[in-house]
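Have a look at the structure below, then the notes.
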């Protein structure tokens, strides 16, 4: 039974012997790397020297690097002079925080007697240290850095990740470990979506009713905001706050109803469901702008970054259309549509933001012909909108393909690019495409699930933002993604441990049932955002803890199983096909055994019992795969009745249900199709 219980990883990865040569697991891949035949042993005499490049941020970064190396190797390392040293030189070490457009390049040279890291800024040096950490590998009893020369710089200057505590609040600890993951993958903008219809998540000392009445008690104090900014700054990450307006503003009106566009005396309540809501600022009152001026005076003093996000998306205009005074204002001022009224609001808002020495960022609804060129557009309607904006002379960055709640595979998100092939941009226009931003919306995640939704797919998208456009090898990306997963795990992220812990809680203390549930879960992923909402009607009070919340998008089984079936069906090497046949048979037997154990578990686990169809289909899939391999190995065509029955199983299994989807159906279908010919 040990063979049957072995991971399918063995199907795609042979055992790796002790290595002394370079194994490239870098993520993101650098712009240029040359590897020589040699190595620098890491011993307890290893030191980091910064020479004249004194900077407290840089100093703390070197200390973190030493701590990570110690944790990885169990060697005792300290800073200062030593026999084998990392020598860091920085041209300008005066920076106190990261800024948009800073030089992030570095060069790294590893030789047998030492390492030279040179950068123009401390933040480039920090990226070089991250690359150096990823270069570390082991051979026998030794840890070493391969001798290599790397010249590296990001392809795009804006490499962001948006998190949304507005829908479901995220603890400070979650935000901080997310920043750790960003630093490890060379992302540089934390976009913090702080206000929503479902929650106002930041303390205002000027207008305290905003967080007192609009947050259900879940908000960040200004001291916590400062803590997050300082933590991010130490890791080269800018913090971009978003205060979404004029829509998505119900919680503002809960506290100050006079800001809204309904009749005087109207009351508002915190939204208890998701979706686009009607409440919206009244853009016709001077008192609205006076309030916002005072609010932004407070917030711009709190957030040091030179940019501020004002949202601007999904205003349905209903409250404006229903207000006779607003309609009269529009008529008197020759404003034909609610979209034009929002444009007027945005102009006033930009004046306020500019007054406090900030530049405006907004979703692509704010793009209008007279938009000032220093306003940045965040695209969520599709790459073609971003390309058209660049052709009109506007800066922007891409988000639409990088919405993680749509459960796209790492392979799929890797295929998207901020500047798609065939965009026909001039060099000047291409520079206006600043990069991209990953979006982790909060409707269906909380502290429990967010890590495994962001990572490791976030690392793959981060590579798309950093590495050359020609870095496209999917198989190599997945090969490097495994080590990257472990690096994130070592930093304390819960991308691996969170789902495993959740599955153990669902399975209970029996190790056999724990393993069986993990095997069942390995062939599943969560349904798409819209499908989950249709099935579950998720809202701010939706509890998490079902199987779907511990099921990861694009699990390793999806790619590994497809590769195994492909080699079995198409390899010209008969011995390889035989090996694959045996491995696949063992896999299907393991699935069948697990399906029976999960059914037993369901008798006493209501949250597993509710997976009625998926459990039944899992058993049928296991039997199908086993029969298909046996049929092919017997060199006989499958009978028509069997083929028809399997096709129906696959059709039913492809339907969205019970909040999870199978990820192994296409290669299974290929396997079944192949049984028709001897």
Item to check | Unmet criterion (only one of (1) surrounded by 15 or more Cβ atoms within 10 Å (Cβ to Cβ); (2) over 21 Å from residue 389 (Cα atoms)) for residue 311 | outcome: (2)
Next on the checklist: Against the conditions (1) farther than 30 Å from residue 32 by Cα; (2) part of a loop (DSSP other than H, G, I, E, B); (3) touching a helix residue (DSSP H, G or I) at 6+ places or on another chain (Cβ under 7 Å), where does residue 446 fall short? Just the number, please.
Outcome noted: (3)
Checklist entry - Tell me, which helices (runs of 4 or more DSSP H) wholly within segment 324-438 include 1 or more residues that are under 30 Å from the mean Cα position of the chain (by Cα) and under 30 Å from residue 661 (Cα atoms)? => result 383-391, 410-415
Checklist entry - Taking strands (runs of 3 or more DSSP E) that fall entirely within segment 118-201, which contain at least 2 residues that are surrounded by fewer than 23 Cβ atoms within 10 Å (Cβ to Cβ)? => result 137-139, 142-152
Checklist entry - Just checking, which of 81, 15, 10, 36 is at negative phi, part of a strand (DSSP E or B) and modelled with pLDDT under 95? => result 36
Item to check | Boolean, residue 415 is surrounded by fewer than 22 Cβ atoms within 10 Å (Cβ to Cβ) and either free of Cβ contacts under 8 Å to residues at least 12 places away in the same chain or farther than 20 Å from residue 550 by Cα (or both) | outcome: yes
Checklist entry - Hey, among 623, 593, 673, which residue is farther than 30 Å from residue 533 by Cβ, touching a residue at least 40 places away in the same chain (Cβ under 8 Å) and over 33 Å from the mean Cα position of the chain (by Cα)? => result 593
Next on the checklist: Tell me whether segment 420-437 contains one or more residues that are crowded, with 21+ Cβ neighbours inside 10 Å, in contact with a strand residue (DSSP E or B) (Cβ under 7 Å, 6 or more places away or on another chain), free of Cβ contacts under 8 Å to residues at least 60 places away in the same chain and over 21 Å from residue 244 (Cα atoms).
Outcome noted: yes
Checklist outcome for this item: Counting only residues that are in a helix (DSSP H, G or I) and crowded, with 16+ Cβ neighbours inside 10 Å, segment 659-678 contains a total of 8
Checklist outcome for this item: If we keep only residues of segment 271-301 that are in a loop (DSSP other than H, G, I, E, B) and touching a helix residue (DSSP H, G or I) at 6+ places or on another chain (Cβ under 6 Å), then the residue surrounded by the fewest Cβ atoms within 10 Å (Cβ to Cβ) is 278
Item to check | Looking only at segment 527-554, and only at residues there that are in contact with a strand residue (DSSP E or B) (Cβ under 6 Å, 6 or more places away or on another chain) and under 21 Å from residue 459 (Cβ atoms), the one that is surrounded by the most Cβ atoms within 10 Å (Cβ to Cβ) | outcome: 551
Checklist outcome for this item: When segment 233-252 is checked residue by residue, the ones that are part of a helix (DSSP H, G or I) and either within 25 Å of the chain's Cα centre (by Cα) or over 24 Å from residue 191 (Cβ atoms) (or both) are 233
Next on the checklist: Checking residue 115 against (1) without any contact (Cβ under 8 Å) to a residue 24 or more places away in the chain; (2) touching a strand residue (DSSP E or B) at 6+ places or on another chain (Cβ under 6 Å), only one condition comes out false. Which one?
Outcome noted: (1)
Next on the checklist: Within segment 600-658, take every residue that is in contact with a strand residue (DSSP E or B) (Cβ under 8 Å, 6 or more places away or on another chain) and either farther than 24 Å from residue 568 by Cβ or modelled with pLDDT under 95 (or both) and give me the one that is surrounded by the fewest Cβ atoms within 10 Å (Cβ to Cβ).
Outcome noted: 613
Checklist entry - What are the residue pairs meeting all of these: first residue in segment 634-646, first residue assigned to a helix (DSSP H, G or I), second residue surrounded by 10 or more Cβ atoms within 10 Å (Cβ to Cβ), Cβ atoms under 6 Å, and 6 or more apart or on different chains? => result 646/624; 646/672
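The values are calculated or read from the model by the stated rules, or taken from the named source; none is laboratory data. All figures in this text were calculated on a predicted structure; none of them were measured in a lab. Every residue, glycine as well, gets a Cβ built from its backbone with ideal geometry; the counts of neighbours run over all protein chains shown.
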